[in-house]
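Working notes, structure below.
The values are calculated or read from the model by the stated rules, or taken from the named source; none is laboratory data. Computed from a prediction, not measured in an experiment: that's the story for all the values here. Methodologically, a virtual Cβ is constructed for each residue, glycine included, from the backbone with ideal geometry; neighbour enumeration extends over all protein chains shown. Only protein heavy atoms, including side chains, enter the accessible area calculation; ligands, DNA and RNA are left aside. Shrake-Rupley method; radii C 1.70, N 1.55, O 1.52, S 1.80 Å.
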There are 2 protein chains.
Amino acid sequence: MSKIFFDSAISLDGFFAGENRSSDNPMGGVSGKLHQWMFKQKAFWKHIKVEGGGEENDADGKLIDETFARTGSYIMGKRMFEEGEVSWAEDLYEADVYVLTHEKRDPWVQKGSTTFYFINDGIESALEKATQSAQGKDIRIQGGANTIQQFLNAGLVDEFFIHISPVFLGSGIRLFDNIDKDKYDIKIDQIFESELTTHIKYKLMKK
Amino acid sequence: MSKIFFDSAISLDGFFAGENRSSDNPMGGVSGKLHQWMFKQKAFWKHIKVEGGGEENDADGKLIDETFARTGSYIMGKRMFEEGEVSWAEDLYEADVYVLTHEKRDPWVQKGSTTFYFINDGIESALEKATQSAQGKDIRIQGGANTIQQFLNAGLVDEFFIHISPVFLGSGIRLFDNIDKDKYDIKIDQIFESELTTHIKYKLMKK
């Protein structure tokens, strides 16, 4: 059965993105600080379909590959979509992507296997469609923070990874804000050490 | 040379304490959720000088012992002091404790080796006195969060432990709030896995 998960990098002070996000300034310009561990990995550049980049291929790269491989469909917020729309490579996701929006828009079918669907009747509707798309693989709540918070607080998340970068950002958008504290029992599942981040995987049991 | 450190438990959403803290409600009632890993350990109950409690003595207990043993003096905020004053065992700290306050108050000399000194001329003054007291051992910034933030933002911290409990608190006082993002280069030093928390030690190099 498909699992619903998210997988997000945060700073020591819990920020998922910086201030003043826009398509000209994705993630508020903090990606370099949060994603350093990815930038060194060949796997990262392969998945974003960019030539060059890092040449390393260690445990961090394996994690990137595994996360990509397990995912059968994606759900993301409109804001994250708009930030990426202008710059993402064609067929970046290689899967169906459900974008939460209040607008009506026809699906955007890309060459390859990526199609963006625009869902304006709520997160459960998006999840139902994403589950069909995933065909037994897992469903990744891609972001942003607000979308992840909605799924967490609806009791819909099965597990998540956080990657804690050894850096303070001071301000921005926190991944875990206004979280319903009584929704889950949480267990630490796995920890992977790395020089540039700390990977922790948690399993959630809905109360 | 003495190192200046803090060692704090936080929730997944970064909270160090809950709402409505008072001496009747230390830490806003969240200690049980953040400190479960300590409560199981014999070392914890030994250091707070309470009979009974947990009987385990594993790597978590060793960490408690080591943190206690390395500390030559403590610095804490007035609010944390007032929360604990009414309930702490006599001679809990077994060292000099410098309490940051705006008031004048004579030292409180306890039986054993704990003396509380009340410092009303700033954190550098407290640190200078705490360094003398420590006699080469390390100086622990005990808390609360605001006191730790003051030392961090003054560029005075050499290293810290966080212990991340697999729990959301939803609200309260965050350990890392309003942190100056440009003060340090930070390295992950050590990670200790545990069932009930994740211990991560960071080293800070002032920029």
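Provide a whole-number value for the mean count of partner chain Cβ atoms within 10 Å of the Cβ atoms in peptide A:181-191.
Counting Cβ atoms of other protein chains within 10 Å of each residue's Cβ and averaging gives 4.
Over all residues in A:7-15, what is the mean tally of Cβ atoms on other chains that come within 10 Å of each residue's Cβ?
Going residue by residue through A:7-15 and averaging, the value is 4.
Report P(r) for the protein assembly as shown: all Cα-Cα distances, bin width 20 Å, range 0 to the bin holding the largest distance, values in whole percent.
25, 52, 21, 3
Rounded if a/c is under 1.5, else prolate if a/b is larger than b/c, else oblate: which is segment A:91-159, with a ≥ b ≥ c the root eigenvalues of its Cα gyration tensor?
oblate
Please list A:188-197, A:64-73 highest first by mean number of surrounding beta-carbon atoms within 10 Å per residue.
With the highest mean Cβ count within 10 Å placed first, the list reads A:64-73, A:188-197.
Could you go through segment B:115-121 in sequence order and give the Karplus-derived ³J(HN,Hα) for each residue, using 6.51 cos²θ - 1.76 cosθ + 1.60 with θ = phi - 60°, rounded to whole Hz, and x for Gly and Pro?
10, 8, 10, 10, 10, 10, 10
Report ³J(HN,Hα) in whole Hz for each residue of segment A:86-92, in order, from the Karplus equation J = 6.51 cos²θ - 1.76 cosθ + 1.60 where θ = phi - 60°; Gly and Pro get x.
6, 10, 5, 5, 4, 6, 4
Using the Karplus curve 6.51 cos²θ - 1.76 cosθ + 1.60 with θ = phi - 60°, what ³J(HN,Hα) values do you get for each residue of segment B:192-200, in whole Hz, with x for Gly and Pro?
10, 7, 7, 5, 9, 7, 10, 8, 10
Could you tell me the center-to-center distance, by alpha carbons, between segment A:19-48 and segment B:163-207 in angstrom?
For segment A:19-48 versus segment B:163-207, the Cα centre distance is 22 Å.
Averaged over peptide A:99-110, how many Cβ atoms belonging to another chain are found within 10 Å of each residue's Cβ?
That works out to 0 on average.
Collect residues whose amide H, placed 1.01 Å from N in the peptide plane, falls under 5 Å from the amide H of A:SER194; neighbours closer than 5 in sequence don't count.
When sequence neighbours closer than 5 places are left aside, the close amide H contacts are A:HIS199.
Relative contact order (percent) for chain B, with alpha-carbon contacts under 8 angstrom and 6 or more residues of separation?
Relative contact order comes out at 29 percent.
For segment A:4-206, what proportion of DSSP beta bridges, expressed in % and rounded to the nearest 5, is antiparallel?
In segment A:4-206, DSSP labels about 45 percent of beta bridges as antiparallel.
Could you work out the local net charge near A:SER23, counting Lys and Arg as +1, Asp and Glu as -1, over the other residues with Cβ closer than 11 Å to its Cβ?
-2
Sequence-distant or interchain residues sharing an amide H contact under 5 Å with A:ILE173, placed H: which?
A:PHE16, A:ALA17, A:GLY18
Among A:LYS203/B:LYS33; A:LYS181/B:LYS40; B:LYS183/B:LYS203; B:LYS3/B:LYS137; B:LYS40/B:LYS62; B:LYS137/B:LYS206, which pairs are too far apart, with a Cα-Cα distance over 19 Å?
A:LYS181/B:LYS40; B:LYS137/B:LYS206
B plus A alone minus the pair: what accessible area, both sides summed, probe 1.4 Å, in Å² to 100?
2600 Å²
Run the accessible area of the protein assembly as shown with a 1.4 Å probe and give the carbon-and-sulfur part as a rounded percent.
Solvent-exposed carbon and sulfur of the protein assembly as shown make up 48 percent of the total.
In segment A:4-206, if the dipole is taken from +1 on Lys/Arg beta carbons and -1 on Asp/Glu beta carbons about the Cα centre, which of A:ALA69, A:PHE192, A:ALA130 is farthest to the positive end?
About the Cα centre, the residue reaching furthest to the positive side is A:ALA130.
According to the square roots a ≥ b ≥ c of the eigenvalues of the Cα gyration tensor, what is the shape class of segment A:4-206, taking rounded for a/c under 1.5, prolate for a/b larger than b/c otherwise, and oblate for the remainder?
Rounded, since a/c falls under 1.5.
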